[in-house]
Amino acid sequence: MEASSRAALVEARARLDELTRPASGVIEKTKDRLTGHARAVSAPEQLALADELFAVARVLNGQLTLRRALSDPAGKPAERAGLARRLFGSKVSDVALDLIETVARQRWSRPIDLVDAFTELATEASLDAADARGELDGVEDELFRFGRIVGGDRELARILNDRKAPAEGKAALLDRLLSGRVSPVTEQLLRNVLTGPHAGSAEIAVERLSEAASRRRGRSVARVTTAVALTPDQERQLADVLSRLYGRTIGLQVTVDPSVLGGLIVQVGDEVIDGSIAHRLEAAERRLAG
């Protein structure tokens, strides 16, 4: 996203927080947009809100004219919000409608950014539900593990990456893989993101979901590749070292890969720390060749 769209998304996220999270940070009560009365915001309501926002993303992804109308910079914010109200008012909850109107009032760099915005808002609503249920750790782990499965299964990746394949077929496949094996939040996120509009490969899309879960927990993730499995003590020590190094809490997602040839490779964001034997051998060969 360009600057104006990033700023617009910040405003939309802030409104999501206002509608669903009280000042204490615990999802208990907020005020209804229309009546001003306190109302409960339960985890099931958060999941329902996420489904609504994912559905809006799908509608906008399939309708260029509508995307343009809701993001037209020539129109007044109130006019765009009014259009959103007329189109969605009878189809979604009050909270979802408030968010749709908020998005329509913002200035967006490109119409397609609306699709990404609603996908991100839906993801946050779903993760809020996981947080309320005390399941955020498990959701993060399930997303990471499913990403590893997709990365290691060419046929599964091919099916999920096929943009011409019907969404219904992908949904049925995901239901068979996930139903009863993961939490409702993980299933909701994977089903909606992998059968809807997503940029890049399915593996990258799942990785972004996992990173979003980590951010929701207020920490960053180090992706660690090691030749042999680390013990719990080694994982704790490595997490402590990385947290001190980066000045923030770092969680680990560990993958075992014998081709690393000893040592480990750590990636935090775009930064890679390669301490493997293979890397050191390559570096030595380059020095000898030079």
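Values as computed for the structure displayed
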| quantity | calculated |
| --- | --- |
| Extension gain, residue 86 back to residue 17 (0.36 nm per residue minus Cα-Cα distance, nm) | 22.4 nm |
| 5 angstrom amide H check on residue 264, placed H, neighbours 5+ away | 275, 276 |
| Compactness of region 33-190, expressed as Rg and Dmax over alpha-carbon positions, Å | 17.5, 52 |
| ³J(HN,Hα) computed for each position of region 87-95 - Karplus, 6.51 cos²θ - 1.76 cosθ + 1.60, integer Hz, glycine/proline x | 6, 10, x, 8, 10, 10, 6, 4, 5 |
| Residue order, fewest to most surrounding Cβ atoms within 10 angstrom, among 276, 179, 109 | 179, 109, 276 |
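Computed from the coordinates by the stated procedures, all read-outs in this text should not be read as laboratory data. If you're wondering where the values come from, they're calculated on a predicted model, not measured in any experiment. Cβ: placed from backbone, ideal geometry, glycine included. Neighbour counts: every protein chain shown.
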